[in-house]
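Every read-out reported here was derived from the displayed coordinates using simple, explicitly stated rules and does not represent laboratory data. Bear in mind that the values here come from a model prediction, so they are computed numbers and not experimental data. Cβ coordinates were reconstructed from backbone atoms using ideal geometry, including for glycine residues, and neighbour counts include every protein chain displayed.
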Amino acid sequence: MIRSDAFLLLNVVEDITLYKAVDQSFPHNEKYREKGFPKDSYHIACKAHRTRLKNILRSPGIDPIEKALLKQRFINMATG
């Protein structure tokens, strides 16, 4: 399955007009790119969730057990 998808994409890359259209369909803002390549929606969502966790951890009055769980979730997000 993955191999056939790769060959389909190869046809798009070989045609310069299609390649330019695909390139223009992804954001070029540095926020949405990693090493020059576009981030997919999964990576954008993970980054947003890490930011939410970081903000929650900064708020005072969090139960120590919940805080430990949030810290572990924050650390685990890097794996994704």
### Query
Got the relative contact order for the chain handy, in percent, Cα pairs under 8 Å and 6 or more residues apart?
18
### Message
Run the simple label-point estimate for residue 54 and residue 34 please: 7 Å along Cα→C-beta, distance reported in nm.
### Response
1.5
### Message
Cut-off is 10 Å between beta-carbons; in what order do 44, 75 appear when sorted fewest neighbours first?
### Response
75, 44
### Task
Any chance you could run the full-extension gain for residue 23 through residue 62? It's 0.36 nm times the residue separation minus the Cα-Cα distance, nm to one decimal.
9.6 nm
### Task
Subtract the Cα-Cα distance of residue 12 and residue 45 from 0.36 nm times their separation in residues, and report this length gain in nm to one decimal.
9.2 nm
### Query
What is the order of 17, 51, fewest Cβ neighbours within 10 Å to most?
17, 51
### Message
Given N residues in the chain, what is its alpha carbon radius of gyration divided by 2.2 N^0.38 Å?
### Response
1.62
### Estimated [θ] at 222 nm from DSSP helical runs (n ≥ 4, -39500 (n - 2.57)) normalised by residues in the chain, nearest 500
-21500 deg cm²/dmol
